[in-house]
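First the structure, in the form of structure tokens, and then the observations on it.
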Amino acid sequence: MNIAFFVDNYFTKNAFSDSLKLLKSFCKKNGHEVFIFTTYEESQIKNVEKEENVFLFKASSIKSSHRIKLSISPFLSAKKILKEKKVDFIHSFSISSLGLSSAIFKKELKIPGVITLYDVLHYFGLKTNKIEEIVKDIVKKYLK
């Protein structure tokens with residue numbers, strides 16, 4: 001099976017990226033091909049190690065949260081890559097532009113997939129009841 005992961009911060013050194021790399025390794029050991037679609041910022045590119053089947057999209061962080069990265073390019077080129085690689089399944093780990101583009105691609109290309117959302121409030125550095133209700137509403141609409 002050809003699997004695409006859409007994730008921000010793949011090259012960040014943290015427990016999440018380490019876990020994702022383990023998941024990628026496990027999938028490959030079981031005969032699957034894994035393609036990573038991720039963002040980078042200009043300041044990071046010097047530290048990024050080249051990896052096979054990792055597709056980079058230039059992005060900018062939202063000032064209030066360095067965890068959210070916005071990129072225009074996934075909408076322009078990732079769809080073509082998904083078709084060329086004959087991706088069978090999409091797993092998104094992002095609610096930013098990568099997550100949005102993966103949701104659009106799943107629908108347009110009729111590729112099954114899932115999105116894994118964690119505590120989305122930490123993305124915004126916010127934690128109030130009103131904001132929590134707003135974010136829940138956005139996430140529900142996003143998943144439709």
Tell me, E33, E108 in order of fewest to most beta-carbon neighbours within 10 Å? E108, E33
What ranking of D8, D88 emerges when the number of other C-beta atoms within 10 Å of each C-beta is taken as an exposure proxy, fewest first? D88, D8
Work out, step by step, the length gained on full extension between L23 and L117: first 0.36 nm times the residue separation, then minus their alpha carbon distance; give nm to one decimal. 32.2 nm
Pairs from K21/K86; K24/K107; K24/K79; K29/K58; K24/K83 whose Cα-Cα separation, in the structure shown, is over 27 Å: K29/K58
How far, in nm, would the chain grow between A15 and D88 when pulled straight, counting 0.36 nm per residue and subtracting the alpha carbon separation? 23.6 nm
Where in the stretch 4-44 does the amide nitrogen come within less than 17 Å of the point 7 Å from the Cα of K107, taken along Cα to Cβ? none
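Every number here is computed from the coordinates shown, using simple stated rules; none is lab data. Model, not experiment: these values are computed from the prediction. Neighbour counts are summed over all protein chains in view; Cβ atoms, including those assigned to glycine, are modelled from backbone coordinates with ideal geometry.
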